Structure formats: C-alpha cells, structure tokens
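Novice: Following this message is one structure expressed as structure tokens.
The values are calculated or read from the model by the stated rules, or taken from the named source; none is laboratory data. Being a predicted model, the structure only gives us computed values, none of them experimental. In this analysis, Cβ positions are derived from the backbone assuming ideal geometry, glycine residues included, and neighbour counts consider all displayed protein chains. To get the accessible areas, we keep the full protein, side chains included, count just its heavy atoms, and leave off ligands, DNA and RNA. Shrake-Rupley method; radii C 1.70, N 1.55, O 1.52, S 1.80 Å.
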Amino acid sequence: MTGELKNIPFFYCRGAWNMDGMSFVDRNLCKMLQKAVGKKNPEDYEVWEAALMEAGNENRDWTDKKYLEPIIKEIRKMER
C-alpha cells in the first residue's frame, strides 16, 4: 500500500466454512468452483485454491482466539 494507507497494518484471520449455512446459489457456485479447480494439478494450486479444496463439502472452523492477539495489541498502541 502507498499514500495515506501505507502505515495501516493488515491482518488475516481465517474463518469458517459452512456449506450448510450457504444459500442454494452460493453452495452451488462453490461446488462448481471446486470442480473446476479439481481439474488442476494440486501442485499448481494457488493458496486460495488449496484452501478451497481442503474445505471440501464439510463444515470447517479455523477460527482461533489467538489470532486476535496482534489485532488487540495494535489497537492498544493506537489508543496511546
């Protein structure tokens, strides 16, 4: 990032995958995407493609409260 946004920290917190909670349209779009990605060699997957294929059709939860620690630390620095 450049300009005014260059000093803003970024955080990635992986969430959950809930096929049961998706709408009919979203669920089917994900299945079609998985089918298309599944035709590729797994060694050539992008990071997001590997994650999509790992999730499969099961509900998954990768959330962890420890992921909040660096965010809370950054907020506390900003409060000073």
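Novice: Using a simple spin-label model with points 7 Å from Cα along the Cα→Cβ vector, what separation in nm is obtained for Lys66 and Val47?
Specialist: Here the answer is 1.9 nm between the modelled labels.
Novice: With all protein chains present, how much of the accessible area of the chain (probe radius 1.4 Å) comes from carbon and sulfur, to the nearest whole percent?
Specialist: 55
Novice: Can you give me the distance in nm between label points at Ile75 and Thr2, each placed 7 Å from the Cα along the Cα-to-Cβ direction?
Specialist: Computed distance between label sites Ile75 and Thr2 equals 3.2 nm.
Novice: Continuing with the same structure: So how far apart, in nm, are the two label points at Asn57 and Lys35 if each is 7 Å from Cα heading toward Cβ?
Specialist: 1.2
Novice: Find which of Cys30, Cys13, Met1 sits farthest along the positive direction of the dipole of the stretch 1-51, computed with +1 on the beta-carbon of Lys and Arg, -1 on that of Asp and Glu, about the Cα centre.
Specialist: Among Cys30, Cys13, Met1, the one farthest towards the positive end of the dipole of the stretch 1-51 is Cys30.
Novice: Still on this model: State in Å² the accessible area per residue of the chain; use a 1.4 Å probe, count heavy atoms of protein chains only, and round to the nearest integer.
Specialist: 87
Novice: Taking the alpha-carbon distance from Lys73 and a cut-off under 17 Å, which aspartates and glutamates remain once sequence neighbours fewer than 8 residues away in the same chain are dropped?
Specialist: Asp64
Novice: For the chain, what's the radius of gyration and Dmax over Cα atoms, in angstrom?
Specialist: 17.2, 52
Novice: To the nearest 20 debye, what charge dipole does the chain have about its Cα centre, counting +1 at the Cβ of each Lys and Arg and -1 at the Cβ of each Asp and Glu?
Specialist: Around 220 debye, computed over the chain.
Novice: If you wrap the stretch 1-42's Cα atoms in a convex hull and average its projection over all directions, what's the area in nm²?
Specialist: Taking a quarter of the hull surface, the average projection is 5.5 nm².
Novice: Indicate the helices, whole DSSP H runs only, in the chain that combine a mean Kyte-Doolittle hydropathy of -0.5 or more with a Cα extent along their long axis of 18 angstrom or more.
Specialist: Within the chain the helices that satisfy the rule are 24-37.
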